[in-house]
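Below is one structure, written out as structure tokens; the observations come after it.
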Amino acid sequence: MDSFLKKECDLEFFHNNGFKRKQCTSCGAYFWTLDDNAKTCGDQPCVPFSFIGKPLGKKPLSLREVRESFLSFFEKNNHSRLNYPVTGERCPVVARWRSDIYLTIASIADFQPHITSGNVPPPANPLVISQPCIRLNDLGEVGKSGRHLTIFEMMGHHAFNKNTDEIYWKEDTVRYCDEFFVKNIGIPREAITYKEQLWDGGGNAGPCLEVLAGGLEIATLVFMNMKRDENGKFAIKGEKYAQNPLNIVDTGYGLERIAWISQGTETVYETVSPKIISWLNDHTGDNSDKVSIYSLADHSKCLAFMLGDGIVPSNVKAGYLARLIIRRTLRFIEKLKLDIPLKELVNMQLNILEKEFPSLKEGKYQIDEILDIETRKFSETLSKGEGLVKRILKEKETIDKKELITLYDTYGMPPDIVKNIANMEGINVEIPKNFDSMIAELHSHEEKEEIKEEIRQNLPGTIRLYYKDHYTKEFDAEMMWKNNTGNGTELIFDKTAFYPEGGGQLGDIGTIFRDDKQLSVKKVVKEGDAIIHIVDGDLNVGENVHGKIDWERRYTLMKHHTGTHVLNGALRKLLGEHIWQAGSQLGVNEARFDFSHYRSISEKERKEIENLANQLIKQETVVEKKIMDRNSAERTYGFRLYQGGVPPGDSIRVINIPGIDVEACGGTHLNNIGEIEKLRILKTERIQDGVNRITFAAGKMVDAYQKEENELYNKLVNILSSTYEIKKQKEISDQLKEASKIFSVPINQLEKTIGRFLKETGKKEKIEVNDFKDACSNLFKEWKQARKDEKKVSSDDIENLKYQAETIPGTSIKVITAISKSESTSIAGTIIKEPGYVVHIYDGKKITSAASGNIDIDLSKEIASEIGKILGGSGGGKPKLTQSGGPKKGKIKEALDKAKQLTIKALN
RNA sequence: GGGCUUGUAGAUCAGCUCGGAAGAUCGCCUCCUUGGCAUGGAGGAGGCCUCGGGUUCAAAUCCCGACAAGUCCA
């Protein structure tokens, strides 16, 4: 490895400028320096910071000055500054184009995976950017170490070389770096050390040089030329790597660190957020708690970016990370006893950042609302948790490791808060030192296996007619390939209009004609470039066929698909820019659209969304479908395009509904949104915290649902008509929803429930009610009353029963056997409050047997099950209160007689 | 994406292990105590035990499913 690095890092630049290669006496790494006496590599922890109070560089620089200096330096040296007008000239901190990471962790992340893999040309070459990044790996160090940040800007100049020196490679990279630091920033060359390292990350690897000054790493120059490959010959950290098709110059310059080194402040935080820190110092009661102050300065900026770039807090994915930071921030506010809502703090950051990152503040209204909601939620969680902790303490007087873990993992109570609560109760709780690793251990065996689908090679590619014209209904084609399986035959043609399953859209079905033969297409799937039709029947390769898709079905699917795009646009207009597709499923009967939003959709909002979507449809906007190269598509429309994930390849299909929505989408779409006709929201639900789902229908399917709903309504009205005279018919769908609320059952259970309630209420005189909803609420009230009446025991009944009582000869105990109308357990329970009674009462469902407290008898042992058996069942209970029953209702008299006999026998 | 947890009175929860009259505390209402308030005392109202289905003579309790909520991790 050393020899590999020695060869890779042996640069003319070093030799020409008098640099010497040395080995660090502390860590053993090799480094290049001008200092003949240097012994250590110049990195932490081998050397301490030397620039605190003694800044390096010409003069103190602000973040903005460093950024501008860097970008313009490389611009002068023929690099292009990236420009994404829609997204505010940058990629967001949430890595929406990546499936493997949630946050943008480095400038190169913007170009992974498709550009770094060589599949897509870079937007410019070479280029220079400054990318805001978020890293939460060292969250625990933030505020403490003086140098760790969750949010920082990584400045990078990147060159993507097909051949090593196509653009530039190591020599020029180091030369640029040297010139920038020495001439522009003014760090003396003697103060700069280049340390040799091996870099790996994101499936790539290569040699790298860490650039160090004053004990601080201020840049990393990575020469990414390898990629992970099982058959590769380079082994790094147990993984094998092979040559990458591209040689990529991946540099990362720490904007904040460079500014810090030029200012020499106590910590990096004073350089990054001087205003916030001085404000915090002025407003806290305890400005000795530097860690909290620094953390707040950092976290509030992190939140400004996270929320400004549209992350919605949630319990999963990137949203969870946002919530994590929000809760940490709230706790620091609490710790410093600051009398300020979290949103005010974040607003201060938004105002500071507004000039350089104007897009962040655009969602201010939503950010405020999100932070208020999150603040409330956290305090609810904590106060619930507090109650829980107090209850545990009351019972056990201590909290052990296991409970500490449960409290955190299940109820979200951080252990130190638990400790504080216990302290207030005068109880000490030990937090295990390895608490974090205990939690990690708990979750360690949750790895799931990834199922990789084998793709068959050498399948003939299929021309996709459905992309040429989304309205292609019939076509002629030639059979290219077939494969008989147990479940139908797989066919591939030279071209097809059948759309395969994918992108949330169902595949087409239809018919293949060959002379007089007709084969029905059951399923269509995509495998590589091939479109496979699964049919019942058989054909031969080389035959010419005619295909016809089930157009009516497909047309509905297209309405649903274009409908989701319109809906997406409507949601964004009404709720805000944080709305982002989180998945979708298009069916024939209905379509689902999942999206990020921090609240559930209210009834009022549902109507507004539906109305707006329908208004948009009436505008009859033409849908633009075009294939664009990726870079110009991104530049024109921004990352909004990637609602349904990022398609591979250098050209993408863009579905643009001007003024409403634009997405990269591989599905089939209408030519004009007017063809949707109408859209109706059937259901809104919250499928996760932070994610909502709308189920809707479009076009003819709306009528189908309307019809179904009307039928249900009429059926229910008919059922109710035995007791209720409904005067008015109001909006049916609202009425059904109200009814579903009244009975707390889903709409499809209403028929059953209303039937049951009517039956259990018993017949009443016919009542006139205003509308359906009133009939339901009246029925519910009546039913409640009936239930109560059933349990109510009238004193007359009791007296009657006592009157019937027989005294058991030789004792003063009275025994009662009877059949009653009201609930037997209530009656029996009432009678035995008085001493001297044994009762057996049947109420139509069961026999309750009970004995007064002063009588020495155990009914549960033999009597209850004995009389239950007579009825074909069994019985049991507590010694002095039992229930028995069974299906043979005709034998009640026999059972009661037996009960009396057994009671008398038992008491003699 | 995965794990864990919870749905019982207006609120906070017990009961569920091991099936057999639905409970506590606060809050609410009425009356008593007091000049009034705080307090104290007596009584009362308020539960489809989230919703389906299954097992059983019997389900808040056991099993399956749905819906809702909380929380942790990647």
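Would you check if there is a residue in region A:756-779 being more than 29 Å from residue A:826 (Cβ to Cβ), in a helix (DSSP H, G or I) and within 11 Å of RNA strand B (Cβ to nearest atom)? Among the residues of region A:756-779, not one is more than 29 Å from residue A:826 (Cβ to Cβ), in a helix (DSSP H, G or I) and within 11 Å of RNA strand B (Cβ to nearest atom), which makes the answer no. Take the conditions (1) surrounded by 15 or more Cβ atoms within 10 Å (Cβ to Cβ); (2) over 20 Å from residue A:313 (Cα atoms); residue A:622 misses just one of them, which is (1). Restricting attention to region A:832-840, does a residue exist that is within 14 Å of RNA strand B (Cβ to nearest atom), free of Cβ contacts under 8 Å to residues at least 24 places away in the same chain, part of a loop (DSSP other than H, G, I, E, B) and among the basic types (Lys, Arg)? Yes, region A:832-840 contains at least one residue that is within 14 Å of RNA strand B (Cβ to nearest atom), free of Cβ contacts under 8 Å to residues at least 24 places away in the same chain, part of a loop (DSSP other than H, G, I, E, B) and among the basic types (Lys, Arg). In the set (1) within 30 Å of the chain's Cα centre (by Cα); (2) more than 30 Å from residue A:467 (Cβ to Cβ); (3) outside any strand (DSSP E or B), residue A:692 fails one condition alone, (3). Residues satisfying the criterion are absent from region A:523-546 (criterion: under 30 Å from residue A:674 (Cβ atoms), open to solvent by 20 Å² or more (accessible area, probe 1.4 Å), in contact (Cβ under 8 Å) with a residue 12 or more places away in the chain and not in a strand (DSSP E or B)). Within region A:1-27, which residues are open to solvent by 30 Å² or more (accessible area, probe 1.4 Å) and not in a helix (DSSP H, G or I)? Of everything in region A:1-27, those that are open to solvent by 30 Å² or more (accessible area, probe 1.4 Å) and not in a helix (DSSP H, G or I) turn out to be A:1, A:10, A:17, A:18, A:20, A:21, A:22, A:23, A:25, A:26, A:27.
Table: residues versus (1) surrounded by fewer than 15 Cβ atoms within 10 Å (Cβ to Cβ); (2) at pLDDT 90 or above.
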| residue | (1), (2) |
| --- | --- |
| A:807 | yes, no |
| A:813 | no, no |
| A:848 | no, yes |
| A:853 | yes, no |
| A:861 | yes, no |
| A:883 | no, yes |
| A:889 | yes, no |
| A:908 | yes, no |
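Considering region A:368-408, and only residues there that are more than 16 Å from residue A:330 (Cα to Cα) and of a type in the set (Asp, Glu), the residue that is modelled with the highest pLDDT turns out to be A:386. Checked against the criterion of being surrounded by fewer than 19 Cβ atoms within 10 Å (Cβ to Cβ), part of a strand (DSSP E or B) and of a type outside the set (D, E, K, R), region A:656-674 contains one or more residues that satisfy it.
Taking region A:305-350, which residues are more than 16 Å from RNA strand B (Cβ to nearest atom) and over 20 Å from residue A:149 (Cβ atoms)? I'd like the intermediate steps shown before the answer.
Initial filter on region A:305-350 (more than 16 Å from RNA strand B (Cβ to nearest atom)): A:305, A:307-310, A:333, A:335-341, A:343-350.
Across region A:305-350, the qualifying residues are A:310, A:337, A:338, A:339, A:340, A:341, A:343, A:344, A:347.
Being in contact (Cβ under 8 Å) with a residue 24 or more places away in the chain and more than 8 Å from RNA strand B (Cβ to nearest atom) is the filter here, so list the residues in region A:386-412 that pass it. First the steps, then the outcome.
Let us first name the residues in region A:386-412 that are in contact (Cβ under 8 Å) with a residue 24 or more places away in the chain, namely A:386, A:388-390, A:393, A:397-399, A:401, A:404-405, A:408-409, A:411-412.
Of everything in region A:386-412, those that are in contact (Cβ under 8 Å) with a residue 24 or more places away in the chain and more than 8 Å from RNA strand B (Cβ to nearest atom) turn out to be A:386, A:389, A:390, A:393, A:397, A:398, A:399, A:401, A:404, A:405.
Taken over region A:815-829, the criterion of being in a loop (DSSP other than H, G, I, E, B) and either within 16 Å of RNA strand B (Cβ to nearest atom) or crowded, with 18+ Cβ neighbours inside 10 Å (or both) is satisfied by A:820, A:822, A:823.
Of all residues in region A:868-908, those that are near RNA strand B (Cβ under 10 Å from one of its atoms), over 15 Å from residue A:843 (Cα atoms) and assigned to a helix (DSSP H, G or I) total 1.
Anything in region A:281-297 that is assigned to a helix (DSSP H, G or I) and under 23 Å from residue A:136 (Cα atoms)? List them, or say none. So that I can check it myself, show each step before the final result.
Within region A:281-297, the first condition is being assigned to a helix (DSSP H, G or I), and the residues that meet it are A:281-283, A:290-297.
Matches in region A:281-297: A:290, A:291, A:292, A:293, A:294, A:295, A:296, A:297.
Would you confirm, using the coordinates I've provided, whether residue A:570 is touching a helix residue (DSSP H, G or I) at 6+ places or on another chain (Cβ under 8 Å), under 30 Å from residue A:697 (Cβ atoms), among the small types (Gly, Ala, Ser) and surrounded by 21 or more Cβ atoms within 10 Å (Cβ to Cβ)? Outline the logic, then answer.
Working: touching a helix residue (DSSP H, G or I) at 6+ places or on another chain (Cβ under 8 Å): yes; under 30 Å from residue A:697 (Cβ atoms): yes; among the small types (Gly, Ala, Ser): yes; surrounded by 21 or more Cβ atoms within 10 Å (Cβ to Cβ): yes.
Yes, satisfied.
What do you reckon, is residue A:281 without any contact (Cβ under 8 Å) to a residue 12 or more places away in the chain and away from RNA strand B (no atom under 16 Å from the Cβ)? Here the answer is no, as residue A:281 does not meet what is asked.
Looking across region A:742-755, not a single residue is part of a helix (DSSP H, G or I), touching a helix residue (DSSP H, G or I) at 6+ places or on another chain (Cβ under 8 Å) and loosely packed, with under 12 Cβ neighbours inside 10 Å.
Go over the candidates A:639, A:595 one by one and state the one that is under 22 Å from residue A:360 (Cα atoms), assigned by TED's automatic domain parsing to the domain that holds residue A:681, crowded, with 20+ Cβ neighbours inside 10 Å and in contact with a strand residue (DSSP E or B) (Cβ under 7 Å, 6 or more places away or on another chain). Steps first, please.
Numbers: A:639 fails: in contact with a strand residue (DSSP E or B) (Cβ under 7 Å, 6 or more places away or on another chain).
On inspection, the qualifying residue turns out to be A:595.
Looking at region A:103-118, which of the residues that are part of a loop (DSSP other than H, G, I, E, B) and aliphatic (A, V, I, L, M) is most open to solvent (accessible area, probe 1.4 Å)? Top of the filtered list is A:105. Within this structure, residue A:865 fails the test of being crowded, with 20+ Cβ neighbours inside 10 Å, of a type in the set (Ser, Thr, Tyr) and assigned by TED's automatic domain parsing to the domain that holds residue A:890.
Within region A:119-126, none of the residues are open to solvent by less than 30 Å² (accessible area, probe 1.4 Å) and polar (S, T, N, Q).
Only one residue in A:138, A:100 is over 19 Å from residue A:224 (Cβ atoms) and open to solvent by 30 Å² or more (accessible area, probe 1.4 Å), so which one is that? Write out each step before concluding.
Numbers: A:100 fails: over 19 Å from residue A:224 (Cβ atoms).
Result: A:138 is the single residue among A:138, A:100 that is over 19 Å from residue A:224 (Cβ atoms) and open to solvent by 30 Å² or more (accessible area, probe 1.4 Å).
Residue count for region A:376-399 satisfying the condition of being surrounded by 12 or more Cβ atoms within 10 Å (Cβ to Cβ), farther than 13 Å from residue A:598 by Cα and not small (Gly, Ala, Ser): 12. Do we have residue A:300 as crowded, with 20+ Cβ neighbours inside 10 Å, among the hydroxyl-bearing types (Ser, Thr, Tyr) and part of a helix (DSSP H, G or I) here? Against the criterion (crowded, with 20+ Cβ neighbours inside 10 Å, among the hydroxyl-bearing types (Ser, Thr, Tyr) and part of a helix (DSSP H, G or I)), residue A:300 qualifies. Has region A:618-635 got at least one residue that is over 29 Å from residue A:501 (Cβ atoms), of a type in the set (D, E, K, R) and modelled with pLDDT of 90 or more? So far as region A:618-635 goes, yes, one or more of its residues are over 29 Å from residue A:501 (Cβ atoms), of a type in the set (D, E, K, R) and modelled with pLDDT of 90 or more. For region A:622-655, the set of residues classified as of a type in the set (A, V, I, L, M), in a loop (DSSP other than H, G, I, E, B) and under 23 Å from residue A:100 (Cβ atoms) consists of A:646 only.
The values are calculated or read from the model by the stated rules, or taken from the named source; none is laboratory data. No experiment lies behind these values; they were computed from the predicted model shown. Methodologically, a virtual Cβ is constructed for each residue, glycine included, from the backbone with ideal geometry; neighbour enumeration extends over all protein chains shown. These area figures cover heavy atoms from the full protein model, side chains too; ligands, DNA and RNA do not enter into them. Shrake-Rupley method; radii C 1.70, N 1.55, O 1.52, S 1.80 Å.
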